[in-house]
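Written below as structure tokens is the structure these notes are about.
The values are calculated or read from the model by the stated rules, or taken from the named source; none is laboratory data. Because the structure is a prediction, the values reported are computed rather than measured. Neighbour counts run over all protein chains shown; Cβ positions are idealised from the backbone, glycine included.
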Amino acid sequence: MSECAVQRDSCCREPAELKIVAFLCNWCSYAGADKAGGSALPVPPELSVVRVMCSGRVEPTLVLETLRQGADGVMVLACHPGDCHYKEGNFRALCRAELLERLVVQLGVDPVRFCFDYVSAAEGEKFSRITCEFAARLRQLPPIG
Amino acid sequence: MATDKPKLAMYWAAACGGCEISLANMHEAILELDRDFDFVFCPCFLDTKKKDLEAMPDGSIRLTLFNGSLRTEENLEMARLLRKKSQLLVAFGSCAVSGGVPALANQRSRDELLSRVYLEAPGTVNPDRLFPRVLSQVPEGELTLPEFLDRIPSLKDAVPVEYLMPGCPPEPERILAVLRLVASGEALPDPGTVLGCSATRAVCDECTREKRDQAAPALVRSSEALPEPGWCLVEQGVPCLGMATKGGCGALCPAVQMPCSGCYGPLDPDGDAGGAGIAALSGAVAAPVDHGAGEAQLVARSRATVAAVADPLGTFYRYTLSDCLIGERDQEVVK
């Protein structure tokens, strides 16, 4: 039984009810997701992946709009600091995430719903782990709205 | 005296009066207003009452400039009444367009707001815990007050409006241009158009401060900044929202060392002021230089560059919280 299936047994919401949107950068995190798939590691079935060229091009408005349209959680995954294909795109993403995390709390949204993290092309295991953990945390929350 | 001039009305809901002052700031051009319009209703300038308005036929007012936010049931009632009486209803000023400063109160519930103001605020002495009531019985009879709404909506979300004219306040020359257009009888822009500002140019485009193409080492608090005159405020770390904000004001605030606070709203018509502001300022600070630093150090240094934005909501939605993309959901976290 996969890690996700184990977690699902003890959770309060069915996976079908949950919507997670993950923006993955083309160069690192998307390759990391590929690696997780290739290694047959568990990934939450409710994860919808959007491949973007760089985490730094994910507009904060897009994250807010994704939440508005009913996503339970949004992930933005980037290259590790210093490893950005465009040198500093992930620092732009980090500054955006820093402000966005504080903004959503002020707007009354549980900050658990937004996740910014780093996944390299080699980190299939980390991709699997953080997405499963994110889904498990979101299942403990009521539907957004 | 009855005239065949088109009728003009201006109303303040929950407003500071600045919008009316901006109209008066047209100076001698206000004579044009008198020449071209029959100014029929404006509680700030004219001794006209609600009953005068009610007596007018529906749709008889050519143009109504509605300013202020919708804080009470009375504001809402006047918005509905003026909608009925007007051919062209303009959400005038940032409060009517997107909530304005009063809409920052949307962060809190009605009970929290009333309790803060009537019980907890420093200097408030209210041992009998008296709150304003919609209905009060006194020996002389009944006294009524309008109900306090749960949240402030933008005018367009309460009644249909023809145009939006943002600004805190809209600039006098822009007001004059709108009045002249309506008076001229020429074809008007499509309903829903945002008047008095640029659809494609940001405040930055109008700002004359020198851009040296430098990234700020970190953002600073506006109140603690002593920016060098003539040099772009953002490049000096002052959180100026000129990049993310519709132009049309002529960049008046940066011209006097004040960062743009975003009163014309986000440049993108489908945009969100918070998202636009965060994107703009996050792109203005320098990325940390590697030099063999560890990941944790780089992350900490990068986060520190935007730490000076202590209140992201108040900074980015100062005039636009009613239009916030996720502003209307139930509160999940206790602040």
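Condition check: outside the structural domain of B:LEU70 (by TED's automatic domain parsing) and in contact with a Lys or Arg (Cβ under 8 Å, 6 or more places away or on another chain). Does B:GLY196 satisfy that? Yes: the conditions hold for B:GLY196. Taking B:ALA218 and the conditions (1) touching a helix residue (DSSP H, G or I) at 6+ places or on another chain (Cβ under 8 Å); (2) within 20 Å of B:SER94 (Cα to Cα); (3) in contact (Cβ under 8 Å) with a residue 60 or more places away in the chain; (4) not polar (S, T, N, Q), which numbered condition does it fall short on, given that it satisfies the others? Every condition holds for B:ALA218 apart from (2).
What helices (runs of 4 or more DSSP H) completely inside region B:230-335 contain at least 1 residues that are more than 22 Å from A:VAL63 (Cα to Cα) and either at the interface with chain A (Cβ under 9 Å from one of its Cβ atoms) or among the β-branched types (Val, Ile, Thr) (or both)? Reasoning before the result, please.
Values: elements: B:252-255, B:273-282, B:295-304, B:312-316.
Passing ranges, in order: B:295-304.
Go through B:ASP190, B:ASP128, B:ASP213 for me and flag whichever is in a loop (DSSP other than H, G, I, E, B), in the same structural domain as B:PRO288 (by TED's automatic domain parsing), free of Cβ contacts under 8 Å to residues at least 40 places away in the same chain and of a type in the set (Asp, Glu).
Answer to the check: B:ASP213.
With respect to B:ALA286, is the statement that it is closer than 16 Å to A:ARG102 by Cβ and either of a type in the set (A, V, I, L, M) or in contact with a Pro (Cβ under 9 Å, 6 or more places away or on another chain) (or both) true? For B:ALA286, the condition - closer than 16 Å to A:ARG102 by Cβ and either of a type in the set (A, V, I, L, M) or in contact with a Pro (Cβ under 9 Å, 6 or more places away or on another chain) (or both) - is not met. Residues that are farther than 11 Å from B:VAL97 by Cα, at pLDDT 95 or above and of a type outside the set (A, V, I, L, M) within region B:150-164 comprise B:PRO160, B:GLU162, listed in sequence order. Identification of helices (runs of 4 or more DSSP H) wholly contained in region B:1-63 with 2 or more residues that are without any contact (Cβ under 8 Å) to a residue 24 or more places away in the chain yields B:30-36, B:50-55.
Table: residues versus (1) within 12 Å of chain B (Cβ to nearest Cβ); (2) surrounded by fewer than 22 Cβ atoms within 10 Å (Cβ to Cβ); (3) in contact (Cβ under 8 Å) with a residue 40 or more places away in the chain; (4) within 23 Å of B:GLY294 (Cβ to Cβ).
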{"site": "A:PRO42", "(1), (2), (3), (4)": "no, yes, yes, no"}
{"site": "A:GLU59", "(1), (2), (3), (4)": "yes, yes, no, no"}
{"site": "A:GLU65", "(1), (2), (3), (4)": "yes, yes, no, no"}
{"site": "A:GLY70", "(1), (2), (3), (4)": "yes, yes, yes, no"}
{"site": "A:LEU77", "(1), (2), (3), (4)": "no, no, yes, yes"}
{"site": "A:PRO81", "(1), (2), (3), (4)": "yes, no, no, yes"}
{"site": "A:CYS95", "(1), (2), (3), (4)": "yes, no, no, yes"}
{"site": "A:LEU141", "(1), (2), (3), (4)": "yes, yes, yes, no"}
